[in-house]
Amino acid sequence: QQTVPEKNTYMNSTYFDEIYHAGTAWEYIMGYNPYETTHPPLGKVIMGLGIKMFGMNPFGWRFMGTIVGILMIPVMYLLAMVVLNKTRYAAIAAILMTFDFMHFTQNSIAIIDSYGVFFIMLMFLFMGIYYRMSFYKNSFIKTLIPLGLSGIFFGLGAASKWIGLYAGAGLAVVFFLVLFKRYREYQFVTGGKNEGFKIEKEKAEIIKKKFKKYTLITLAFCIVFFIIIPIGIYAASYLPIIKAQEGRGLEYILNSQKYMFNYHSGLTAEHTLASPWYEWPLIIKPMWYYSDSTLYGTGQMTSIAAFGNPAVWWTGTAAIIWLLITMFKSRSTDKMHTFVLIAFLAQFLPWILVPRSMFIYHYFASVPFIILMITMMIQSIERKKWYRKEVTYLYMAIVILLFVLFYPVTAGVQISSEYGRMLKWM
């Protein structure tokens, strides 16, 4: 009895879905049959590393998610460098990610979303590098390196949460766009009618000679790195619990996939905090993770809610509209506009088709790509003669100020109920 805390708080207990994911991570370590099987195992296996190092306590089960959240910042920087190729805008993107509420809250709790989003960012980072390359201009072998890494991170993402599969669809679209452009170049130099290319004679000979060979090798490479290896990674993520299955390893893995699909497709439970996909960009209904009920009536409150920084998400919504208008009006040929839009839609569009109850944190995987759109919009506006860069600095200051103001209700800090009411905008 002396080990039971006098008062349960998020500092000594699980809150929200930690009760499933942290518990299951511990079961993997112990070799027990897991209780929670509604998501693939890898996120919980990684979470278990923190528990193994620091024990079955809040620090242990939240440790790896926090590390992954920290690592998202340099990955966001690198992703923005691939898209915008300017350190200034890459730094802006990293700052926006750092001070977004959702990024902070989701990586402070032991749930598996952090791992899925981290691997999604990495798979698009390396696909973006490949997207900028050409196997006519660059060493052919060098083009396969980022492509292979993208495939490996796709496998890790899918094995963490099925949102990685949504990302895989976006990767496929980007990849085939690259191949289509290589094919159009090949058509052009072999007497086709496609125009818009200025190709030197020496390069034209390379295209004629290498296109078919390079394309076939690349496709075979993708079968290995986007199908065979990801399946292997996905199956390997079940190894920590295979021992408990008494020889039913493959059967257990297959049955788990059926159960996951049936669970998510058939989930009809109503929830007061459910929020449809079209409400997420406007932050209509935050997700309430935690409150301290013992403070009711004391004039004090403690709360943890998941939602976006309004200066990031609302501006991000404007940036989506800006990007679509820009691409339509100018018939934009900027391939990075296309890349970012595909990445965003791959994470957002599938939720339109999902019949089950949804919540605002399902927008988390889309946030890196709305941040990229914001930085692209800022870059475009800063090219205007009338624009002053001080406005950009003011915008960044507002983002950081809002993070400070809302920090108590995203981090569980005890504040006055009056201050809490001031923060209830929507």
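Counting only residues that are aromatic (F, W, Y) and over 20 Å from the mean Cα position of the chain (by Cα), the stretch 300-347 holds 2 of them. Every condition in (1) assigned to a loop (DSSP other than H, G, I, E, B); (2) under 30 Å from K7 (Cβ atoms) holds for G308 except the one numbered (2). Being in a loop (DSSP other than H, G, I, E, B), open to solvent by less than 40 Å² (accessible area, probe 1.4 Å) and without any contact (Cβ under 8 Å) to a residue 60 or more places away in the chain holds for only one residue in E36, E6, and it is E36.
Restricting the stretch 323-376 to residues that are in contact with a Ser or Thr (Cβ under 8 Å, 6 or more places away or on another chain) and hydrophobic (A, V, I, L, M, F, W, C) leaves a set whose member that is farthest from V391 (Cα to Cα) is M358.
Residues in the stretch 89-102 include none that are closer than 26 Å to G412 by Cα, among the β-branched types (V, I, T) and buried (at least 22 other Cβ atoms within 10 Å of the Cβ). Answer yes or no: is there a residue in the stretch 234-250 that is assigned to a loop (DSSP other than H, G, I, E, B) and at pLDDT 95 or above. Taking every residue of the stretch 234-250 in turn, none turns out to be assigned to a loop (DSSP other than H, G, I, E, B) and at pLDDT 95 or above. Evaluating N85 against the criteria (1) closer than 29 Å to L179 by Cβ; (2) open to solvent by 10 Å² or more (accessible area, probe 1.4 Å); (3) in contact with a helix residue (DSSP H, G or I) (Cβ under 7 Å, 6 or more places away or on another chain); (4) free of Cβ contacts under 8 Å to residues at least 60 places away in the same chain leaves one unmet condition, (3). Scanning the stretch 30-62 for residues that are within 22 Å of T3 (Cα to Cα) and not charged (D, E, K, R) yields M30, G50, I51, M53, F54, G55, M56, N57, P58, F59, G60, W61.
Criterion first (closer than 22 Å to T24 by Cα, in a helix (DSSP H, G or I), without any contact (Cβ under 8 Å) to a residue 24 or more places away in the chain and within 27 Å of the chain's Cα centre (by Cα)) does I253 satisfy it? Answer is yes for this residue. Number of residues in the stretch 311-332 that are free of Cβ contacts under 8 Å to residues at least 40 places away in the same chain and part of a helix (DSSP H, G or I) equals 7.
Within the stretch 107-127, if we keep just the residues that are in contact with a Lys or Arg (Cβ under 8 Å, 6 or more places away or on another chain) and closer than 16 Å to R62 by Cβ, the residue that is most open to solvent (accessible area, probe 1.4 Å) turns out to be S108. Within the stretch 360-400, the set of residues being exposed (fewer than 13 other Cβ atoms within 10 Å of the Cβ), in a helix (DSSP H, G or I) and of a type outside the set (D, E) comprises V391, Y393, L394, A397.
On the given criteria, is L78 in contact (Cβ under 8 Å) with a residue 12 or more places away in the chain and over 26 Å from R184 (Cα atoms)? Here the answer is yes, as L78 does meet what is asked. One residue stands out in the stretch 200-232 among those that are of a type in the set (G, A, S) and touching a residue at least 12 places away in the same chain (Cβ under 8 Å): the one that is surrounded by the most Cβ atoms within 10 Å (Cβ to Cβ), namely A204.
The values are calculated or read from the model by the stated rules, or taken from the named source; none is laboratory data. All values reported here derive from a predicted model rather than from experimental measurement. Backbone-built Cβ (ideal geometry, glycine too); neighbour counts: all protein chains shown. Remember, those area values only see protein heavy atoms, side chains included, never the ligands or the DNA or RNA. Shrake-Rupley method; radii C 1.70, N 1.55, O 1.52, S 1.80 Å.
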